[in-house]
Amino acid sequence: MYTLTGMTLAQLQKVCADEGFPKFTATQICQWLYAKRVTAVDAMTNLSLKNRTRLNGIATLGLSAPVDFQTSVDGTKKYLFAVGDGNKPQYVEAVFIPDGDRGTLCVSCQVGCKMGCRFCVTGKQGFHGNLSVADILNQILSIPESQQLTNIVFMGMGEPMDNYDAIKQTVEVITAPWGMGWSPHRLTVSTVGITPMLKRMLDEMECHVAVSLHNPVASERAAIMPMQKAYPIEETVALLKRYNWRGQRRISFEYTMFKGVNDDIAHAKQLLQLLQGLYCRVNLIRFHASDDVPYKPSDRATMEKFRDYIDSHGIICTIRASRGEDIMAACGLLAGAQQGA
C-alpha cells in the first residue's frame, strides 16, 4: 500500500504512471491532500468513482487524528499522536501555540532523541526511531487548528538534522506551489549543530535556523550537551559565518538559562565573543525544571541583566515567553507519554 500524505508531486506522478492513472491525477491528488486537506480518498470528487475505488485499493492517506490532547491555562494545546506499528504504537507530541493572529505549531521529527542533552526530558527517554514524512505532516494536517497555522517550528521531540531527508521532503511539501504553498520564512528548523547536515540545509532550504547553544564555553557545553564533542559549537558558528544572512533568513541561538551555571556576565561576554561578526539574535529561555534533572531556573532579574548586556553590545537578545509549562508542553519537556499510562 502506498501512503499518499508526504509524497511529492514527482512521486505521485510516478505512482499514477505505474498504476495506469491519467497523468493529471497526481496534480489532483496534491490539491486534495495539501490545499483542501481531505481525510479520505472518497472526498477527491474530481477523480472518477472508478479511479477512487482503485486508489482506495492500493493506497492510504496516512492521516490519523491525535489520540489525546491537553490544554494549558494560557491556551497552548499539546497533542499526542500514535506512530509506527498499529499493534504496538509509539507516541510523539506536537504543541499548538496561539498568540493573537498568529498560530505556531511545534512539531516532532523523532520518537525520543539521540542527542542526550542532560537538561531535556525528551533526551532522557533515549531514541526509538525516525518519523516518516507522513508522520511529520500528520501533526500539521490532523489538528483542529490546522487551517489557523501561520508558522511551524521543528523544535519538538528529536533532532531535525538527524532525520534530515524526512525534514527536507516535509519542507518541500509545505513550501511547493503544488503543496501547501507556504513561504519558507514561515518555517524554523532547530539543531544542536550537526554541522555536515546543517550545511546541506543551508544550501538546500531557505527556512530560518535555530541553533541550541545553551553555553558558549566548550567544556561546559560538553558537560550538558554531549554532541559538543563531535560537533563543536565553534565549528557550527564558523559555518554560519560563511553565509550572508542580513535581509535573508533568520539565524537565532537558543540559550536556556540555568541558575549558577551559565547565567552570569562572564558567560555573556563569552557568548558575544563566540558570535562576533555574525548577524543573528539570541533567545533566552527560562529552564523548565523536572524531577529527574538537577538544574534550577535562573531568576527573572538575572535573565534581564544577561539580556540587557547582550543587547547593549549589538546582538538582539530577547527572553522568550514560556508557554504550556503546566501541561509539560514547554521547551525540553516533551516526552510522548500517553496520558494516564
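The values are calculated or read from the model by the stated rules, or taken from the named source; none is laboratory data. Owing to the predicted nature of the structure, the values given are computational and were not obtained by experimental measurement. A quick note on method: Cβ atoms are made from the backbone with ideal geometry, for glycine too, and the neighbour counts reach across all protein chains shown.
Specify which of the listed residues (L55, L61, L47) is closer than 28 Å to L12 by Cβ, without any contact (Cβ under 8 Å) to a residue 60 or more places away in the chain and touching a Ser or Thr at 6+ places or on another chain (Cβ under 6 Å). Going through L55, L61, L47 in turn, just one is closer than 28 Å to L12 by Cβ, without any contact (Cβ under 8 Å) to a residue 60 or more places away in the chain and touching a Ser or Thr at 6+ places or on another chain (Cβ under 6 Å): L61.
None of T76, T60, T39 is hydroxyl-bearing (S, T, Y), touching a strand residue (DSSP E or B) at 6+ places or on another chain (Cβ under 7 Å) and closer than 21 Å to Q28 by Cα except T60.
Per-residue answers, yes or no, for (1) more than 18 Å from the chain's Cα centre (by Cα); (2) under 18 Å from S132 (Cβ atoms); (3) among the β-branched types (V, I, T):
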{"site": "S64", "(1), (2), (3)": "yes, yes, no"}
{"site": "F69", "(1), (2), (3)": "yes, no, no"}
{"site": "V73", "(1), (2), (3)": "yes, no, yes"}
{"site": "K77", "(1), (2), (3)": "no, no, no"}
{"site": "L80", "(1), (2), (3)": "no, yes, no"}
{"site": "N87", "(1), (2), (3)": "yes, yes, no"}
{"site": "V92", "(1), (2), (3)": "no, yes, yes"}
{"site": "V95", "(1), (2), (3)": "no, no, yes"}
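Filtered by the rule that a residue be free of Cβ contacts under 8 Å to residues at least 60 places away in the same chain, among the hydrophobic types (A, V, I, L, M, F, W, C) and under 19 Å from G181 (Cα atoms), the range 34-44 gives a lone residue, V38. Scanning the range 55-73 for residues that are modelled with pLDDT under 95 and under 15 Å from L105 (Cα atoms) turns up F69, Q70, T71, S72. Only one entry of F119, F127 meets the criterion of being modelled with pLDDT under 95 and either under 15 Å from the mean Cα position of the chain (by Cα) or surrounded by 20 or more Cβ atoms within 10 Å (Cβ to Cβ) (or both), and that entry is F119. Screening F21 with (1) surrounded by 15 or more Cβ atoms within 10 Å (Cβ to Cβ); (2) touching a Ser or Thr at 6+ places or on another chain (Cβ under 9 Å) gives one miss only, at (2). Among the residues making up the range 253-277, those that are in a loop (DSSP other than H, G, I, E, B) and either surrounded by fewer than 17 Cβ atoms within 10 Å (Cβ to Cβ) or in contact (Cβ under 8 Å) with a residue 60 or more places away in the chain (or both) are K259, G260, D264, Q276, G277.
Within the range 274-302, the set of residues being under 23 Å from V209 (Cα atoms) and aliphatic (A, V, I, L, M) comprises L274, L275, L278, V282, L284, I285.
Is it the case, given these coordinates, that F306 is closer than 19 Å to L202 by Cβ, among the hydrophobic types (A, V, I, L, M, F, W, C) and outside any loop (DSSP other than H, G, I, E, B)? Criteria not met by F306. Every condition in (1) over 15 Å from the mean Cα position of the chain (by Cα); (2) surrounded by 22 or more Cβ atoms within 10 Å (Cβ to Cβ); (3) in contact (Cβ under 8 Å) with a residue 60 or more places away in the chain holds for Q147 except the one numbered (2). Among the residues of the range 315-341, those that are at pLDDT 95 or above and either outside any strand (DSSP E or B) or more than 30 Å from G112 (Cβ to Cβ) (or both) comprise I315, I316, C317. In the range 156-179, the count of residues that are under 20 Å from Q31 (Cβ atoms), at pLDDT 95 or above and in contact with a Lys or Arg (Cβ under 9 Å, 6 or more places away or on another chain) is one or more. A search for C-beta distances below 8 Å between a residue of the range 118-134 that is in contact (Cβ under 8 Å) with a residue 60 or more places away in the chain and any residue that is aromatic (F, W, Y) and in a strand (DSSP E or B), counting only pairs 6+ apart in sequence or on different chains, returns F119/F258.
Residues are listed down the side, and each one gets a yes or a no for (1) without any contact (Cβ under 8 Å) to a residue 24 or more places away in the chain; (2) crowded, with 20+ Cβ neighbours inside 10 Å:
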{"site": "A17", "(1), (2)": "yes, no"}
{"site": "V73", "(1), (2)": "no, no"}
{"site": "Y79", "(1), (2)": "no, yes"}
{"site": "Q90", "(1), (2)": "no, no"}
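In the set (1) surrounded by fewer than 21 Cβ atoms within 10 Å (Cβ to Cβ); (2) under 16 Å from the mean Cα position of the chain (by Cα); (3) within 30 Å of A26 (Cβ to Cβ), the condition left unmet by D203 is number (2).
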